[in-house]
Amino acid sequence: MKETNTSAASELLSTRRDLLDVYTHIRTELDRVEEKLQVFTSSENRLVSEINGYLFQKKGKRIRPALLILSSRLLGYRGEEHIQAASLIEFVHTASLIHDDIIDKADLRRGVDSVHARWGPNVSVLLGDFLYIKTIGLALASAYPQIVRILTDVSTRMIEGELDEFRRSGDLSLSERDYLGIIHDKTAVLFAAACRLGGVLAEAAPEQQEALADYGLSLGMAFQIVDDLLDFKGDQDHLGKPILSDIREGRITLPLIYTINSDGRHNGLRLRALLEDKTLRQETQREILAIVRGNGALEYTFRRAEEYSLRAREIMSGFPASAHREALSLLADFVLTREH
């Protein structure tokens, strides 16, 4: 792969990227994914149909379907199956969010009531299971048998990541390496799977499929690190949830890990004491924010995300120049500059 020019990358990062820049060449295909999602989520069961309609009425970023479409087109795919495969990737993502909200007892998702908050945990568990199972059932109709294996493998890894995160909930001894392992399994592997599926559809050489998966993995790591960063520097209007939601849900993320382990005896010990206060009163939250925002933790966290983003750009530079390669490179910029 070609070397990335760091100064050029930094210059690119000075301009905030928008998904409209990235999706220019695939807007029509993403619209078809939305139509496919509506078809797949329809059901004769009134409750299933009602909840699915609620879930998919508000479009998310659709980054994972976009990755699959762009990766397949990057390598010359000219068929139609990428639309269905992209829809299945979004199904897996949505199912994981439903289960995630149950575990975290999260009331908001993208600024509206979560399924857990609106219909309760019992219904939410069943709906998440429904989406996972329907994904595999639809994938069995594919002409590419690898699709079923990839989707089942990534679903397993994501559930394992969720279990690891739950097991380490509130664990102040969590290391940076532990944290990176959790987000690798919980988030980044689905980005990698979306890109790999694009390569499978294009019948790409194994090394090209691996390069695409590596790009997706790096992008997913950067995406999740920035997501955790925004919990400290974002605002509720942009995030669709209150700041410090991760702390309230027991997540120990990189800004906290950096502070506990790298910020000297006073701030590290003080932060530990604040986090052990499970009430998280308003004054406690303000003090946590003051410590983390004032000690370089957010800057360090961003640099780690930037490393993964630059790695993604470096991998993408090894593919032939095209509008689709440029879009995938822009995605690496977007994940660093996004506000929600």
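The values are calculated or read from the model by the stated rules, or taken from the named source; none is laboratory data. What you are looking at is a predicted structure, and each value in this text was computed from that prediction instead of being measured. Virtual Cβ from ideal backbone geometry, glycine too; neighbours counted across all protein chains shown.
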Quiz item: Is it fair to say ASP246 is closer than 16 Å to GLY170 by Cα, in contact with a helix residue (DSSP H, G or I) (Cβ under 8 Å, 6 or more places away or on another chain) and surrounded by fewer than 17 Cβ atoms within 10 Å (Cβ to Cβ)?
Solution: no
Quiz item: Looking at (1) within 16 Å of ARG109 (Cβ to Cβ); (2) part of a helix (DSSP H, G or I), can you tell me which one LYS61 breaks?
Solution: (2)
Exercise. May I ask you to list pairs of residues, at least six apart or on different chains, whose Cβ atoms are under 7 Å apart, with the first in the stretch 131-149 being closer than 18 Å to ARG196 by Cα and the second being surrounded by fewer than 18 Cβ atoms within 10 Å (Cβ to Cβ) and not basic (Lys, Arg)?
Key: ILE136/THR152; SER142/GLU81; ALA143/GLU81; VAL148/ILE136; VAL148/LEU140
Quiz item: What pairs come up if the first residue lies in the stretch 26-53 and is farther than 26 Å from ASN122 by Cβ, the second is small (Gly, Ala, Ser) and assigned to a helix (DSSP H, G or I), and their beta carbons are under 6 Å apart, counting only those six or more places apart or on different chains?
Solution: VAL33/ALA86; VAL33/SER87; LYS36/SER87
Quiz item: Hey, ASP185 hits all of (1) more than 20 Å from MET221 (Cα to Cα); (2) in contact with a helix residue (DSSP H, G or I) (Cβ under 7 Å, 6 or more places away or on another chain); (3) among the charged types (D, E, K, R) but one; which does it fall short on?
Solution: (1)
Practice problem: Determine, yes or no, whether TYR54 is of a type in the set (Phe, Trp, Tyr) and not in a loop (DSSP other than H, G, I, E, B). | Solution: yes
Self-check item: Sole residue being modelled with pLDDT of 90 or more and of a type in the set (Ser, Thr, Tyr), chosen from SER14, SER10, SER71, SER42
Solution: SER71
Self-check item: helices (runs of 4 or more DSSP H) fully within the stretch 76-146 counting 2 or more residues that are under 28 Å from THR28 (Cβ atoms) and touching a Phe, Trp or Tyr at 6+ places or on another chain (Cβ under 9 Å)
Solution: 81-104, 121-139
Exercise. For the stretch 230-245, enumerate the residues that are at pLDDT 75 or above and assigned to a loop (DSSP other than H, G, I, E, B).
Key: PRO242, ILE243, LEU244
Quiz prompt | Checklist (1) touching a residue at least 40 places away in the same chain (Cβ under 8 Å); (2) in a helix (DSSP H, G or I); (3) surrounded by fewer than 22 Cβ atoms within 10 Å (Cβ to Cβ) applied to ARG73, failing item | solution = (3)
Exercise. Out of ASP171, ASP164, ASP153, report the one residue that is touching a residue at least 24 places away in the same chain (Cβ under 8 Å) and in contact with a Gly (Cβ under 9 Å, 6 or more places away or on another chain).
Key: ASP171
Self-check item: Any chance VAL189 is more than 20 Å from the chain's Cα centre (by Cα), hydrophobic (A, V, I, L, M, F, W, C) and part of a helix (DSSP H, G or I)
Solution: no
Quiz item: Considering ALA290, ALA321, ALA332, which residue is of a type in the set (A, V, I, L, M) and either touching a residue at least 24 places away in the same chain (Cβ under 8 Å) or in contact with a strand residue (DSSP E or B) (Cβ under 9 Å, 6 or more places away or on another chain) (or both)?
Solution: ALA332
Self-check item: Subset of the stretch 285-340 [among the polar types (S, T, N, Q) and within 18 Å of ILE69 (Cβ to Cβ)]
Solution: SER322, SER329
Quiz item: Can you name the residue in the stretch 93-120 that is within 12 Å of TYR54 (Cβ to Cβ) and either in contact with a strand residue (DSSP E or B) (Cβ under 7 Å, 6 or more places away or on another chain) or among the aromatic types (Phe, Trp, Tyr) (or both) and, of all such residues, is surrounded by the fewest Cβ atoms within 10 Å (Cβ to Cβ)?
Solution: TRP119
Exercise. Among the numbered conditions (1) over 18 Å from ASP171 (Cα atoms); (2) touching a Ser or Thr at 6+ places or on another chain (Cβ under 9 Å); (3) of a type outside the set (Gly, Ala, Ser); (4) surrounded by fewer than 19 Cβ atoms within 10 Å (Cβ to Cβ), tell me where ASP277 comes up short.
Key: (1)
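Being of a type in the set (Lys, Arg) and modelled with pLDDT of 95 or more narrows it down to one residue among ARG248, ARG177; which is it?
When all the criteria are applied, what remains is ARG177.
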